[in-house]
1. For the range A:98-144, how many residues are in contact with a Ser or Thr (Cβ under 8 Å, 6 or more places away or on another chain), in contact (Cβ under 8 Å) with a residue 60 or more places away in the chain and either among the charged types (D, E, K, R) or within 15 Å of A:THR38 (Cα to Cα) (or both)?
2. Scanning for something away from chain B (no Cβ under 14 Å), touching a Phe, Trp or Tyr at 6+ places or on another chain (Cβ under 8 Å) and within 26 Å of A:GLY78 (Cα to Cα), does the range A:212-230 turn up at least one residue?
3. Evaluate the following for A:ALA120: is it over 16 Å from the mean Cα position of the chain (by Cα), more than 10 Å from every other protein chain (Cβ to nearest Cβ), modelled with pLDDT of 90 or more and on the phi < 0 side of the Ramachandran plot?
4. Could you please find all residues in the range A:149-161 being within 11 Å of another protein chain (Cβ to nearest Cβ) and either modelled with pLDDT of 95 or more or open to solvent by 40 Å² or more (accessible area, probe 1.4 Å) (or both)?
5. Could you tell me whether A:LEU179 is within 7 Å of chain B (Cβ to nearest Cβ) and either in a helix (DSSP H, G or I) or open to solvent by less than 10 Å² (accessible area, probe 1.4 Å) (or both)?
6. Give the range B:412-453 a look and list any residue that's closer than 13 Å to B:GLY341 by Cα, open to solvent by 10 Å² or more (accessible area, probe 1.4 Å) and more than 9 Å from every other protein chain (Cβ to nearest Cβ), or say none.
7. If you go through the range B:454-466 one residue at a time, do you hit one that is within 10 Å of chain A (Cβ to nearest Cβ) and either open to solvent by 30 Å² or more (accessible area, probe 1.4 Å) or assigned to a loop (DSSP other than H, G, I, E, B) (or both)?
8. Starting from the range B:209-228, take each residue that is in contact (Cβ under 8 Å) with a residue 60 or more places away in the chain and list its partners that are open to solvent by 10 Å² or more (accessible area, probe 1.4 Å) and of a type in the set (D, E, K, R), counting only C-beta distances under 7 angstrom and pairs at least six apart or across chains.
Amino acid sequence: MDNVLSWITFLPVVGILAILFVPKDNKNTVRIIAAVFTGLQLVLAVWIYRNFDSSTSAIQFSEQYKWIPSFNIDYFMGIDGLSVPMVLLTAFLSFICIFASWGIEKSVKGYFAMFLLLDAGMMGVFCSLDFFLFYIFWEVMLLPMYFLIGIWGSPSRTEEDGMVRGGPYAAIKFFLYTLFGSIFMLIAMLVFYFNVSDPVTGGHTFNMLHLMDQANHGGVLKDFDVRLLIYAALFLGFAIKVPVFPFHTWLPDAHVEAPTAVSVILAGVLLKMGTYGMLRISFPMLPDAMKWKYFAYGLAILGMINILYGALCAMAQKDLKKLVAYSSISHMGIVLLGMSGLTSLGMNGAVMQMFNHGTGTAMLFLLVGVIYDRAHHRQIDGFGGLAVRMPIFAAMMSLAFFAGLGLPGLSSFISEAFSFLGAFGSETFDLRLITVVSTIGIIITAGYFLWTFQRMFLGELNPKYAELPEINGRELFTLVPIGILVIVLGVYPAPLLDLIKTSLNELVEVVKAAEAPTMLGLH
Amino acid sequence: MDYSSIIKDNLISLNYFLPELLLTGLIIVLVIADLFLKDERSPWLSFVALAGCVVVLLSVIAQFDLGSRSLFQHMLVVDPFSVFFKLLFLASAIAVIFLSIASVELAGRPVGEYFTLLIALTLGLFLMASSTNLVTILLSIEFVSIVSFVLATYLKTRRRSSEAGLKYAIYGAFSSGLMLYGLSLLYGLTGTLNLYEIGDVLASRDSNGMALTLSTILILAGFGYKIASVPFHFWSPDVYEGAPTPITAFLSIGPKAAGFAVLIRFFNVALAGEPANGASQWSALPELDWPMILAVVSAITMTLGNLVAIVQTNIKRLLAYSSIAHAGYALMGVVVLSQDGIYATMFYLAVYYLMNLGAFLVVIVFQDLLGSEKIADFKGLAWRAPVPAIAMAVFLVSLTGLPPTAGFIGKFYLFAAVIKAGPAFYWLAVVGLLNSVVALYYYARILKTMFFDKAAEENSISVSPYYVTLLALLAAPTIILGVYWAPLQKLATNSVEFLRAL
């Protein structure tokens, strides 16, 4: 199939056009169109999965066309083992989220149009290999996200301390934070453009494959100080998206105020873009800067802080959704730690963790949505004994909780173990102490998940909720596929691991081979 | 040169002066036609003005093939650079005529003088973009200023309009005075009024750096007033608020672009050395570091414009401050002294024309529908009048500089030019980009008011098909140029050429 990546990226845009022609009152038609287009997208993703050759680290399904020749901007798409799991995750969660959004009643057309635009943007980020194109997709996601949180999120309200909170506040906070990060990425991108030459034509280039080849670097990129600055600029852009402490404060607001499906996308896909960017751009393009000891240890220490700080914050939350949001910060810390050791084990663990956290946290947010739709609040202490009343819901929740805390047999156990072991066994840097301290996070995580489960589901049934209806078929339809994936990849992770390992091992080798100058510049 | 050859040169020059002559003719036609019209508010005059503009447009397009040529004893010039700006001015004039036709604000007022003045203003802008002599520069700037004063006070029964005109005139007189003094200093230093000769004189011998810097800063007062850069921006919020909105839209684009045209020509012809070995980068005079002066002005202008815009409650004032900030962005391209920079500035001005005009069009629509310019009154408008609200979202996103809109491409070229110039100006790129984040805050606040807040009334408002068409005509290219901008880029690239030496 030719141009499969263009199809998978732009199918949602076709969906938007279709939706625009539907009369406003045909809400179900709009929903069905959205489901059909994301469904087709999922089919294409599965096709890509089946036809992807995981024995090579080369770029596959590539498409390259001239776009703006005078600026050497190409429309260049292609995927390797790093992008494939992200493409699968995006297609899978987008499809699921359409059904999780079935209950949206306010301006249905607008909602699904925005959602599909977001979907196209995410897919484009994972498929593009031209930096300019990557940046366009990266930014295109901001606007739909702003509207999705602002219009369909919780309404504006004034807190007890006089602060205005709610969807509109969270939306602008998300927008400002992310734009702040991406402007630094834009500067880094332009510095790359003007200082890297295309080996064939000798002109400037945005082609990521050329940017990764150190032999093409010239001009100010020969200067190690500049390389460090550019690495820092890129890191800022990606760290805000992950989010890395101390840039995380947008996340609890955005996740909590967003509608359920948008929270799922935010936690499930958007956060991964930060770490994906690091692995796709920062590491291979500036491997020596990555290996500068302050940056390398800095990355591991920030990972550790994310793990511990996120877990401790999660434990302190009274609001279930906020707890899940902070648990995301904690789990993304594991990705950072796994990456920082530059071992094959850790790197594979990190990318698997990106995928597994995507599925696990999606389940959690969907389940939060289920209970919120019924009880209209999310206070953990406001429930109790729900297992009696809603046994299937409780079973689902326990599966998601156990996946979150990394129970052996469930998917995230494998990726977390790989990440920690990889970081601990690093030969490049001595990360043993940092890893050991980080593992405390696992205990805290187990603590808050189990404690929450106990408060919500065990003990006396709160009489207020004696009539709470059990989880319904549509909701189960969104949860069961994810649950199956969580269990299957927990028992048999080979399909995922095989997919990514060739590309990632190559990435590890490239970064490891780079020499980090120690006698230059800022040292 | 004897008299006969001077006369001959002037006669030949007339051939290249056709668009300006046509505009002059159009002015006369409008004045006379106004006498014969019984009904003061007849739409016929606007049609005459439009038809005239289209004829002028054709004659301007024909000028692209002429190359570069100095006219009237080096008073004026016709070159691709000036032709590009003339196109921009005509496009603005045509758009403003369309805005004025349906404007409720202008309803019931005599239109004869209005369109006459509008065309006269366009003629002034044409002359500004092609002046190559200190005298023509001063005269054309004054021409534009005086016509603008009158247009700003066109709603003379409205107090704010009169106030706007008065402030405009006082600031204008003040900055013209400063500029005149600067020009006289420059004449004293070089002994000539011709920009090319000034350039040669300054390049060939060491001048007093102190006097040259003083004269440049004073001259910058005149240009700064036209493009509304700090510290000569004080007039613009009041004038933007008080003037009839179609005129505000015109003032925010036409005179600003003309200011850039004359600024770029003046600095690059008179105050920059020839490019070494044919490179696309010029060098400033060693005794006068004007790129740094402009860089500082640019940084302060965009920062101040954006920060003050945050606290505005009136949409026209907000757009005034945002347009100050945009002048700061566009200046970045002039700072780097390169072909790429000038090209980026020109590209940006063309894009700015689309998105700013679009934003003002939405303001006019809302003004007609609600009778209010207060942002607070836009609450929930997206649910009552979705078409203008969505169009506004497109224009504001473009003004912020986010893809996939033309505004992003414009900013991208500006920042690319700055980064290309090397690490010396990285700081300016950082300041510019941080300003985009600040700008997002107040642009997004308008979106928040329109889309997120609850409307006071629920009933939907219908927008006339005329406005819907105009909105679509401006919004569509704003998005299309964000995805495929090669045609505009080609036009700007071909127009970067200006006559650099006699």
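1. The number of residues fulfilling the criteria is 12.
2. no
3. Working: over 16 Å from the mean Cα position of the chain (by Cα): no; more than 10 Å from every other protein chain (Cβ to nearest Cβ): yes; modelled with pLDDT of 90 or more: yes; on the phi < 0 side of the Ramachandran plot: yes.
It is false that A:ALA120 is over 16 Å from the mean Cα position of the chain (by Cα), more than 10 Å from every other protein chain (Cβ to nearest Cβ), modelled with pLDDT of 90 or more and on the phi < 0 side of the Ramachandran plot.
4. A:PRO155, A:SER156
5. Values: within 7 Å of chain B (Cβ to nearest Cβ): yes; either in a helix (DSSP H, G or I) or open to solvent by less than 10 Å² (accessible area, probe 1.4 Å) (or both): yes.
Considered against the rule, which asks whether it is within 7 Å of chain B (Cβ to nearest Cβ) and either in a helix (DSSP H, G or I) or open to solvent by less than 10 Å² (accessible area, probe 1.4 Å) (or both), A:LEU179 comes out as yes.
6. Selection gives B:ALA421, B:PHE425.
7. So the first thing to find is which residues in the range B:454-466 are within 10 Å of chain A (Cβ to nearest Cβ), and the list is B:454.
This time we only want the ones that are either open to solvent by 30 Å² or more (accessible area, probe 1.4 Å) or assigned to a loop (DSSP other than H, G, I, E, B) (or both), so: B:454.
Yes, because at least one residue in the range B:454-466 is within 10 Å of chain A (Cβ to nearest Cβ) and either open to solvent by 30 Å² or more (accessible area, probe 1.4 Å) or assigned to a loop (DSSP other than H, G, I, E, B) (or both).
8. Within 7 Å, the pairs are B:GLY209/B:GLU287; B:LEU212/B:GLU287.
The values are calculated or read from the model by the stated rules, or taken from the named source; none is laboratory data. What you are looking at is a predicted structure, and each value in this text was computed from that prediction instead of being measured. Because the Cβ atoms are built from the backbone with ideal geometry, glycine has one as well, and the counts that use them run over all protein chains shown. When the accessible area is computed, the model is the full protein with side chains, heavy atoms only, and any ligands, DNA or RNA have been set aside. Shrake-Rupley method; radii C 1.70, N 1.55, O 1.52, S 1.80 Å.
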